[in-house]
Amino acid sequence: MEQRLTKNFKVKDSHRLEVSRAQGGYQSLAKLFQMKPEEVINQVKEAGLRGRGGAGFAAGLKWSFIPKNSGKPVYLTVNADESEPGTFKDRYILELDPHLLIEGIIAACYAIGAHVSYVYIRGEFYFPMQRLQAAIEEAYQAGLLGKNILNSGFDLEVYIHRGAGAYICGEETALLESIEGKRGHPRLKPPYPAIVGLFGCPTIINNVETIASVPYIIQNGVQAYRAVGTQKSPGTKLFCVSGHVVRPGNYERPLGYPLKNLIFEDCGGIRGGKKLKAVIPGGSSTPILDANDVETVLLDYESMEAHGSMLGSGGVIVLDDTTNMVDALGNLARFYAHESCGQCSPCREGTGWAAKILDRMLSGEGRPKDLELLRSIADNMAGKTICVLADSLSMPIWSYMKKFRGEFEAYANPNH
Amino acid sequence: MFEFTSENLAEFQKILQRYSIKRAALLPALWLVQKQTGFISREAMLYVAGLLDVAPAKVYEVVTFYTMFHQKPVGEYHIQVCRTLSCQLLGSPSITEHLKKRLGIGLGEITTDGRFSLVEVECLGSCGTGPMFQVNDEYHENLTIEKVDKILEELK
Ligand SMILES: Cc1cc2nc3c(=O)[nH]c(=O)nc-3n(C[C@H](O)[C@H](O)[C@H](O)COP(=O)(O)O)c2cc1C
Ligand code: SF4
Ligand code: FES
């Protein structure tokens with residue numbers, strides 16, 4: 001299959017402008033500046049590009065929400081927070097092909113009428129940040145950023161904003177708060193950022209991979225983009241495989257690709273001759289799949305939903321048959337308890353409480369009532385809070401307890 | 001008393017120009033403070049509050065929210081081990097235990113010579129190359145006990 005996002009990853013010095021250009025980098029700009037901004041939005045809409053940050057929202061449609069002539073500046077913020085456990089793809093785009101991202105930023109900003117863009121990078125990503133910073137500087141020097149880009153009359157400034165260690169800043173409105181110099185507390189929606197976003201102005205937030213997918217669409221057109229993937233989930237996506245496989249890593253595959261092939265062919269199957277037990281398909285918050293599901297599920301938004309899960313960010317965590325599911329859920333509960341921003345009581349209290357119960361069960365002090373209690377905590381967190389971090393723990397609680405009921409029962413009745 | 005060095009003050013002035021409101025320069029300003037002194041003292045918070053015309057409480061609120069901002073000095077080598085699921089599946093607990101033993105400190109502590117500090121953190125976006133840790137700004141991936149020993153040797 002043709003690689004679109006990763007085609008330069010193995011090229012020597014792929015992060016440098018010279019090399020990027022030799023590989024065809026920035027060629028889409030000539031086409032871009034021939035088009036009207038609305039045409040760009042329409043092309044991305046027709047290509048069917050869906051957000052790669054987790055929710056899968058149609059990118060072109062989101063862009064079309066920017067009000068025309070609001071009289072306010074418009075911003076693009078690129079989400080490089082990459083904090084959903086199991087996800088490690090944006091980092092490689094930043095490290096190995098930062099110019100692809102910049103090319104996409106130029107197209108997206110041109111489409112929505114933004115002249116300033118911030119790339120929000122998680123604080124720990126120091127090396128990827130340096131790579132992007134150097135690429136931005138190269139782009140300025142080559143007239144690809146700044147005033148009057150390639151004599152198009154279009155001006156664009158791109159800045160990096162470095163986070164400082166907070167998972168919640170990946171949530172788009174927390175990210176905006178963080179750029180504004182505040183704690184990363186998600187905002188109540190509506191209003192949506194496309195209307196009231198950064199500094200009170202219309203703002204689009206997109207994931208790194210979403211933006212990096214745009215140059216291909218501009219350069220090759222809708223039909224080419226749709227040549228792979230499915231009708232409703234066109235194009236390719238990066239899948240990050242971690243856990244108990246022989247060859248973990250990043251794999252660019254067309255949407256609709258069988259999960260089974262990804263795990264057993266591309267990743268060489270389960271390590272150490274063990275058997276597959278379960279898969280978390282799209283980052284830590286997505287409902288778990290068991291070995292049966294893996295037989296039939298495809299890596300696209302619709303098939304995942306039909307199997308009771310979600311494609312999410314593409315972070316595939318593979319668990320072998322020695323994995324203790326109570327321990328796995330306890331690990332995630334601790335994560336969400338640590339990362340809750342604390343604004344909403346169901347989330348602040350619920351995540352911590354669930355973590356405590358699971359810890360107690362793991363230490364051999366489980367009680368028969370614990371399972372009911374966990375379920376009621378999950379019920380009381382879901383859909384009741386400002387952002388979906390609380391739901392991100394509810395979904396694993398429900399699905400792990402449903403699919404691996406026996407294991408949880410054993411821990412809830414340690415003396416039986 | 002805390003003050004930016006003239007070099008950092010110039011850098012701060014440059015940063016201000018990136019944003020249409022002053023307060024947005026808060027996180028970058030705090031990063032500069034931490035680069036200068038290794039942590040963010042009360043005095044530095046007051047100084048930054050003054051530079052950005054925000055209440056000191058707002059600065060404090062931000063410093064305490066973000067885990068990468070330190071209010072106290074950390075070791076010369078600050079080791080952060082990822083403890084989240086993908087790394088745990090591949091043995092991060094044994095890496096942490098080994099570090100505790102080798103360094104003779106617990107989580108959140110600093111060695112008496114001030115060289116090393118150790119903490120556990122959540123997912124660092126390196127799950128495919130776990131177990132892993134970060135030493136200051138640098139990632140070390142696909143760790144084994146032997147590899148950890150080698151890294152410690154090299155840092156000594
Ligand atoms: C708790 C939480 C954490 C999130 N973390 C990330 C993240 O690290 N990276 C990301 O791109 N999106 C993350 N998102 C999704 C963003 O809110 C947003 O939907 C996304 O950046 C939009 O970009 P897209 O439409 O291109 O996917 C997170 C959402 C939530 C609720
Ligand atoms: S759900 Fe949790 S993380 Fe989200 S805003 Fe409420 S308390 Fe904060
Ligand atoms: S789980 Fe350790 S880096 Fe993601």
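Each reported figure results from applying straightforward, stated rules to the coordinates on display, with no laboratory input. Keep in mind that what you see is a predicted model, and the values were worked out from it rather than measured. Please note: Cβ atoms are built from the backbone with ideal geometry, for glycine as well, and neighbour counts cover all protein chains shown.
Some notes on this structure:
- The single residue among A:Gly86, A:Gly60, A:Gly25 that is away from chain B (no Cβ under 12 Å), surrounded by 20 or more Cβ atoms within 10 Å (Cβ to Cβ) and within 23 Å of the chain's Cα centre (by Cα) turns out to be A:Gly60.
- Screening A:Gly308 on (1) more than 14 Å from chain B (Cβ to nearest Cβ); (2) surrounded by 24 or more Cβ atoms within 10 Å (Cβ to Cβ); (3) away from ligand 2 (no atom under 16 Å from the Cβ); (4) not hydroxyl-bearing (Ser, Thr, Tyr) shows it passes everything except condition (2).
- Failed criterion for A:Ile66 (all others in (1) within 16 Å of ligand 3 (Cβ to nearest atom); (2) out of contact with any strand residue (DSSP E or B) (no Cβ under 6 Å at 6 or more places or on another chain); (3) assigned to a loop (DSSP other than H, G, I, E, B) hold): (1)
- A search for C-beta distances below 7 Å between a residue of the range A:75-97 that is free of Cβ contacts under 8 Å to residues at least 60 places away in the same chain and any residue that is in a loop (DSSP other than H, G, I, E, B) and within 9 Å of ligand 1 (Cβ to nearest atom), counting only pairs 6+ apart in sequence or on different chains, returns A:Arg91/A:Glu82; A:Arg91/B:Gly125.
- Taken together, A:Ala390, A:Ala378 contain a single residue that is away from every other protein chain (no Cβ under 14 Å), within 16 Å of ligand 2 (Cβ to nearest atom) and either in contact with a Lys or Arg (Cβ under 8 Å, 6 or more places away or on another chain) or in a strand (DSSP E or B) (or both), which is A:Ala390.
- Residue in the range A:198-206 that is within 14 Å of chain B (Cβ to nearest Cβ), closer than 27 Å to A:Leu5 by Cα and without any contact (Cβ under 8 Å) to a residue 60 or more places away in the chain present: no
- Filtering the range A:334-351 to residues that are within 16 Å of ligand 3 (Cβ to nearest atom) and either hydroxyl-bearing (Ser, Thr, Tyr) or away from chain B (no Cβ under 14 Å) (or both) leaves only A:Tyr336.
- Subset of the range B:126-138 (residues that are at the interface with chain A (Cβ under 7 Å from one of its Cβ atoms), over 15 Å from A:Gly243 (Cβ atoms) and in contact with a helix residue (DSSP H, G or I) (Cβ under 8 Å, 6 or more places away or on another chain)): B:Asp137
- Just one of (1) under 21 Å from A:Gly282 (Cα atoms); (2) under 21 Å from the mean Cα position of the chain (by Cα) fails for A:Phe404. It is (2).
- Only one of the numbered conditions (1) assigned to a helix (DSSP H, G or I); (2) within 13 Å of chain B (Cβ to nearest Cβ); (3) closer than 22 Å to B:Leu26 by Cβ is violated by A:Pro128, and that is (3).
- Only residues that are facing chain B (nearest Cβ under 7 Å), in a loop (DSSP other than H, G, I, E, B) and within 11 Å of ligand 1 (Cβ to nearest atom) were counted in the range A:165-183, giving 1.
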